[in-house]
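A quick write-up on the structure given underneath.
The values are calculated or read from the model by the stated rules, or taken from the named source; none is laboratory data. For clarity, every value in this text was computed on a predicted model and none was experimentally measured. As a convention, Cβ positions derive from the backbone with ideal geometry for all residues, glycine included, and neighbour counts pool all protein chains shown.
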Amino acid sequence: MPPRFVAGEIGPTTIAVLVVAQAVLWLVARPIGEPARSYLGQLLGAESILLLSIGLVLISMLPLVEGGVRRDPGSHVVRLRQHLLGVASRRVDDQADRS
């Protein structure tokens with residue numbers, strides 16, 4: 001008798017299969033002459049983007065979080081931009097004070 005999946009195992013198994021499949025595809029399709037260190041960095045970056053995308057899909061599906069994500073989709077971006085501009089302006093001011 002083949003093993004049966006429990007409903008709670010399908011999601012994590014699907015994510016694991018996607019991650020492994022992308023890694024295998026990435027390694028099989030490696031261009032000739034590509035330095036190994038650079039290619040490993042590209043592979044890890046591609047895996048990171050895949051996992052981030054999966055995480056965004058999952059968080060948008062959570063019933064308790066869905067309203068907050070949809071109601072205010074750009075607030076974290078606005079806060080990050082304000083923070084970065086604040087840091088940059090303080091550095092400019094500090095450099096001006098030193099001159």
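Does Arg90 satisfy being modelled with pLDDT under 70 and basic (Lys, Arg)? In short, yes.
Screening Gly33 with (1) at pLDDT below 90; (2) surrounded by 11 or more Cβ atoms within 10 Å (Cβ to Cβ) gives one miss only, at (2).
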